[in-house]
Amino acid sequence: MARVLTLTLNPALDFSISLDRLQLGEVNRTRETHLDAAGKGVNVARVLVELGHDVCVSGFLGADNDGPFLRAFEALAVEDAFIRVPGETRINAKVAEADGRVTDINGPGASIDDAAWQRLLDWLDARAVDPRKRPEAVVIAGSLPPGISPEDLAALVARLRAADLPVWVDTSGEALAAAIEAHPSAVKPNEQELAAWACTPLTSADARLAAALRLYAHGVEEALISAGPAGVLWVSRRGAWQALPPRLDVASTVGAGDTLVAAMLHGVLSGHPPEQVLRLATALSAESVRHVGVGDPRASDFPQLQQQTRVRRLNDVDAGGALA
Ligand SMILES: Nc1ncnc2c1ncn2[C@@H]1O[C@H](COP(=O)(O)OP(=O)(O)OP(=O)(O)O)[C@@H](O)[C@H]1O
Ligand SMILES: [Mg+2]
């Protein structure tokens, strides 16, 4: 079991609404509604807990509507180290219609001021030197709130790396590009996020591999690329590996990427052989798409899903990111 800290800088409450058909400009009657604590770091924490780890969650939460988060953290038995800021955490609406169409309406999030940012940095500095609480890895997942720039994220990554902490980052756009310059231990872009960083469309498996090798040569120790049903590409000092998940009926892909990040970190921290690390993580992320929410390692057919996942070693990778 490892101690892991997840940071969600811009969490949200997900307001899920299901109805027959959305009538724009009309009064609509819902079939069902849910208000759930969400955010990528919170999802990563859920999976890590299921895989047996000791997890602390932090980031920023609006003080006025943190109830659903408090209940979720209590149910998960994770340590709540979120910094409370004045106001409310944003509420993202997800409108699901009977025909399967889903409309997302996302808010930008509450603005974080310098004082709140400094509180988080001070708390992280103290954690890094606390012998009883120092994490074995830090995961930074999701978008940045207003007030926090990509440069702030890069400085945060550099600060944690200077404290000798492994840092895994899952974000997109300018935030991802800035974080990569600070040499995080791992990143997990999907195809679109990687294409934006590489400034080139990644239409073929070869193009994806070339971009992953570039990430590795750039100083990212674990370059993880996810490509939905086309699986996962992993470039590290262990070589270049590829995994193809089994075909499954998709109910919701939300949380698949978070499941993959958490399960890869689990395997790497546990020191498992690379083939096993990638097989479990790919199968668990695939498991997550069959239902709403993150992957469930206790699903009765999870051993079969792992067997049906195809894992292949592509080749050795040298320090410069070239295939041997
Ligand atoms: N349709 C699918 N069938 C099987 N496995 C899937 C499917 N979609 C996703 N996965 C699994 O989940 C992993 C992550 O999915 P994806 O590439 O969509 O991540 P993402 O875009 O980062 O998702 P997120 O919305 O969580 O950020 C994939 O690499 C794959 O292993
Ligand atoms: Mg993602």
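The values are calculated or read from the model by the stated rules, or taken from the named source; none is laboratory data. Fair warning: this is a prediction, and the values are worked out from it, not measured in the lab. Counting neighbours? That spans all protein chains shown, and the Cβs are built from the backbone with ideal geometry, glycine included. Note: accessible area is taken over every heavy atom of the protein model, side chains too, but ligands, DNA and RNA are not part of it. Shrake-Rupley method; radii C 1.70, N 1.55, O 1.52, S 1.80 Å.
Below is a table of values for the structure above.
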quantity: Compactness relative to 2.2 N^0.38 Å, alpha carbon Rg of the chain; calculated: 0.98
quantity: Residue-normalised accessible area of segment 177-324, given per residue in Å² at a 1.4 Å probe; calculated: 44 Å²
quantity: Charge dipole magnitude, Cβ of K and R +1, D and E -1 - the chain, Cα centre, debye nearest 20; calculated: 740 debye
quantity: Proximal charge balance of R21 [Cβ under 15 Å; K/R count +1, D/E count -1]; calculated: -2
quantity: GNM top mover of G142, G100, G39 - the chain, alpha-carbon springs below 10 Å; calculated: G100
quantity: Cross-link partners of K94 among aspartates and glutamates (Cα-Cα below 20 Å; sequence separation of 8 or more within a chain); calculated: D14, D20, E26, E32, D36, D66, D104, D258
quantity: Over the chain, relative contact order from alpha-carbon pairs under 8 Å, at least 6 apart, %; calculated: 15 percent
quantity: Label point distance in nm, N28-A77, each placed 7 Å from Cα along Cα→Cβ; calculated: 3.9 nm
quantity: Those lysines that a straight Cα-Cα span of less than 23 Å connects to K188, excepting residues fewer than 8 apart in one chain; calculated: K40
quantity: Residues of segment 1-167: accessible area per residue with a 1.4 Å probe, Å²; calculated: 48 Å²
quantity: Accessible heavy-atom area order of T259, T30, highest first, probe of 1.4 Å; calculated: T30, T259
quantity: The chain, accessible surface, carbon-and-sulfur percent (1.4 angstrom probe); calculated: 51 percent
